Amino acid sequence: MKAFRSRIFHFLNRVHYEYFEDGLLIIHQGLVKAVGHYEDLKEEWSQQVEIVDERDKLLMPGFIDAHIHGVQTAVMASYGADLLQWLEEYTFPLESQFSDADFAKKATQFFFRQMLKNGTTTAAIYSSVHQESLEAIMEEALRLNMRIQAGKTNMDRNAPTNLCENTDDTYLVGEKLIRKYEGKGRLNYLLTPRFAITSTPEQLVQLQQLKQKYPQIGVQTHISENHEEIASTKALFPERKDYLDVYEHYGLVEKNTLLGHAIHFSEDEWKRVKQSKASLIHCPTSNLFLGSGLFNLQKAWEEDIPLALASDVGGGSSFSMLKTAAAAYQVAALRGYKTTALQLFYLLTLGGAKAMGLDDKIGNFQIGKEADFILIDSSRIELVEERLQSAKTLEEKLFAILILGDDRLIDCVYLMGKSLKFED
Ligand SMILES: [Zn+2]
């Protein structure tokens with residue numbers, strides 16, 4: 001049993017949060033046992049458990065990154081291409097190297113370290129098309145005891161030959177990986193067609209069959225990111241009425257489907273995606289970096305469509321979910337909508353968990369949830385510390401942390417109550 005005395009902040013739902021200026025979080029066997037004001041809880045608990053004093057820090061649930069590529073760290077900051085060029089010139093050549101298990105293991109460990117240093121405790125991860133790559137991701141998550149959803153990327157056309165799998169293997173390999181990893185440790189498997197362009201209808205049928213046999217398995221893919229991509233998709237699937245209809249046709253748009261980007265949706269696609277209960281994943285630094293467009297966060301929020309934020313590394317330019325949320329604020333502002341710090345922190349924690357179908361396990365400090373949390377130490381950035389002096393309300397403080405903060409603010413990361421410290 002462990003207890004942390006700190007400023008504690010978490011959401012109860014999309015509008016209500018709790019903030020304890022002097023709070024106490026009690027953890028038993030990795031799960032939340034109690035949370036509240038120190039004064040209210042101290043008598044009951046101070047005899048039973050040693051209290052760690054972190055009163056100068058802010059303790060909150062770990063960040064959730066709902067769309068990230070475990071195989072693209074080394075293409076971050078590759079210059080000057082839009083989506084399809086960027087894939088061809090930079091990304092596919094790098095992903096080819098992940099057929100080598102040793103290379104995959106090393107790169108994957110570096111990748112996880114970057115996420116954790118930035119306070120990300122849960123992510124939805126794309127591997128390369130190779131099993132070795134997916135296994136490296138799952139094994140590292142098991143070693144760290146991290147709550148991760150990941151899938152082996154499926155591609156069988158419009159990519160270099162060494163990144164195209166044999167279409168007939170899609171079902172068999174997918175099933176093998178589901179059996180190996182689904183529900184093991186804190187893992188979930190996701191069916192992962194990269195996007196419509198790189199899958200034949202035959203491959204999508206096999207993924208549909210897997211979804212029918214294992215209906216609890218989620219799906220992750222890209223949609224409507226870039227105009228050229230949308231045009232290619234229409235040309236490849238002329239019988240489908242729009243991009244979303246390609247995935248709908250193969251039974252892949254349901255609750256726990258994570259649709260990355262969704263920037264250029266038609267009114268009809270918005271309507272259908274809402275009915276489907278699928279989740280939209282907003283990747284603002286990636287959308288700005290590749291010049292893809294400005295996601296309509298206002299609409300997603302007001303329609304109460306399950307929504308999460310994501311770095312989309314390597315198209316994204318930062319592992320930091322603080323920087324990602326700051327970019328989401330700016331993208332919305334360019335569309336004339338002002339998001340609040342509360343909305344954005346909700347999306348980084350409980351909202352993200354909900355979008356990934358994990359809100360019964362993580363996202364806040366409800367009793368019984370897995371104790372994945374971070375300590376934010378504003379004194380680690382002089383500018384933030386100074387700015388907070390003049391911030392009066394909690395919301396002003398959170399906003400300054402979000403706009404000015406980055407990985408330097410993350411003092412410590414805890415997975416199921418166990419600390420991970422990183423030396424720089
Ligand atoms: Zn992506």
Only one residue in 53, 22, 102, 65 is modelled with pLDDT of 95 or more and in a helix (DSSP H, G or I). Which one?
-> 102
Candidates 325, 278, filtered to the one that is of a type outside the set (Phe, Trp, Tyr), in contact (Cβ under 8 Å) with a residue 60 or more places away in the chain, away from the ligand (no atom under 12 Å from the Cβ) and crowded, with 21+ Cβ neighbours inside 10 Å = 325
Take residue 62 and decide whether it is in contact (Cβ under 8 Å) with a residue 12 or more places away in the chain, more than 16 Å from the ligand (Cβ to nearest atom) and out of contact with any Ser or Thr (no Cβ under 8 Å at 6 or more places or on another chain).
-> no
In segment 333-353, what residues are surrounded by fewer than 22 Cβ atoms within 10 Å (Cβ to Cβ) and of a type outside the set (A, V, I, L, M)?
-> 335, 336, 337, 338, 339, 340, 343
Only residues that are among the β-branched types (Val, Ile, Thr) and under 19 Å from the mean Cα position of the chain (by Cα): list them for segment 152-171, please.
-> 153
In segment 120-151, residue farthest from the ligand (Cβ to nearest atom) [restricted to those that are over 16 Å from the mean Cα position of the chain (by Cα) and surrounded by 24 or more Cβ atoms within 10 Å (Cβ to Cβ)] | 136
By residue number, the members of segment 210-231 that are more than 16 Å from the ligand (Cβ to nearest atom) and either surrounded by 17 or more Cβ atoms within 10 Å (Cβ to Cβ) or within 23 Å of the chain's Cα centre (by Cα) (or both) are 210, 211, 214, 215, 216, 217
Of 308, 300, the only residue that is open to solvent by less than 10 Å² (accessible area, probe 1.4 Å), in contact with a strand residue (DSSP E or B) (Cβ under 6 Å, 6 or more places away or on another chain) and away from the ligand (no atom under 16 Å from the Cβ) is 300
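The values are calculated or read from the model by the stated rules, or taken from the named source; none is laboratory data. All figures in this text were calculated on a predicted structure; none of them were measured in a lab. As a convention, Cβ positions derive from the backbone with ideal geometry for all residues, glycine included, and neighbour counts pool all protein chains shown. What goes into the accessible areas is simple: the full protein's heavy atoms, side chains included, and nothing from ligands, DNA or RNA. Shrake-Rupley method; radii C 1.70, N 1.55, O 1.52, S 1.80 Å.
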